[in-house]
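The values are calculated or read from the model by the stated rules, or taken from the named source; none is laboratory data. The structure displayed is predicted, hence computed values, not measured ones. Cβ: placed from backbone, ideal geometry, glycine included. Neighbour counts: every protein chain shown.
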Amino acid sequence: MTTSDITLAFAHPEERAEASAGAAPRDRISLRDHVVEADIGAFQKERGLKQRLRFNVVVEVRPAPVPLDDDVDRILSYDRITETIAEALAAERLNLLETLAEKVAERLLAEPAAMRVFVRIEKLDVGPYALGVEIVRSRAEVPVRVEGAAVHPLVVWLDNATIAAPDLGLRLDALIGRGLPVIFCVGLPEGPRPQTGHKPTQRRIDLLAIEQNAWVLAARDPRCVVVASRTEIDWAIKRGRSVVWAPSKLVLDAADGPHSREPVALALWLAEQMAAERIVLHGDVAIPAGSRVPVERA
């Protein structure tokens, strides 16, 4: 890790948000050094005692689509951040700062304008130092909810041999029969494709080639409906449908999208964005390291 990496790791969430910003413009509102007292902690000696917690929060928001007219009702108010912290602390006693950070992030991402949230929480009374956690969560990672309950879909990677297999229909029956909405992902088709020698344009060509393969799968089974947008995916998940992911739109539009161009890594990225129950891999493919989603070999 370089000196700049270490400096950024301990920088204020506002600096980290700026350093990891994507191409899409976003506004930011921040809360610095907000200190409250709370009964929190996993150890018996911490129970029944108030200790100081310091919050630093940054919320990235969509630029306002209409003139603000100096109207506070048209923005995500700073007060909403402090209120969210108070609500999360009042809801129940928690053992872990990690749990508290997740609850604060989830509540803030429920605000219509919020797109990404950085939450840092530190305990100030544990010694001559501060101990804390920091998390980053984006709206894309919030699971789809149906009647208040979170729905975690199944993401399935199909290699070309599986797509062409005579028993494809039976395999899809087994996957769909698990009772979860299924998002099918595919890789590059067989055969050569144009090579540009230029990474940005080659990335687009590869993404389009994956989408061509998605349509090959769609031709083999009517349950494999090709979709491109998050809205289409959410609609299908809410109705328990199976879909095939055409990746160009989500990957290219993502402010903090996947760094790898490998198709399996793209499928894993989608699984993380959709808070998938797991990703099921068909074929002899490498499992990317560091997955936050359980991985199952078919």
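The table that follows gives values for the structure above.
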| quantity | calculated |
| --- | --- |
| Evaluation of Gly179 against (1) loosely packed, with under 10 Cβ neighbours inside 10 Å; (2) in contact with a Pro (Cβ under 9 Å, 6 or more places away or on another chain) (one fails), failing number | (2) |
| Residue within segment 185-197 that is touching a Lys or Arg at 6+ places or on another chain (Cβ under 6 Å), free of Cβ contacts under 8 Å to residues at least 24 places away in the same chain and part of a loop (DSSP other than H, G, I, E, B) present | no |
| Only listed residue being at pLDDT 90 or above and among the basic types (Lys, Arg), chosen from Arg54, Arg28 | Arg54 |
| All positions within segment 243-257 that are part of a loop (DSSP other than H, G, I, E, B) and either more than 17 Å from the chain's Cα centre (by Cα) or charged (D, E, K, R) (or both) | Ala246, Asp256 |
| All positions within segment 145-190 that are of a type in the set (Phe, Trp, Tyr) and touching a His at 6+ places or on another chain (Cβ under 8 Å) | Trp157 |
| Filtered residues of segment 216-242 (kept if part of a helix (DSSP H, G or I), touching a residue at least 12 places away in the same chain (Cβ under 8 Å) and of a type outside the set (D, E, K, R)) | Val216, Leu217, Ala218, Ile233, Ala236, Ile237 |
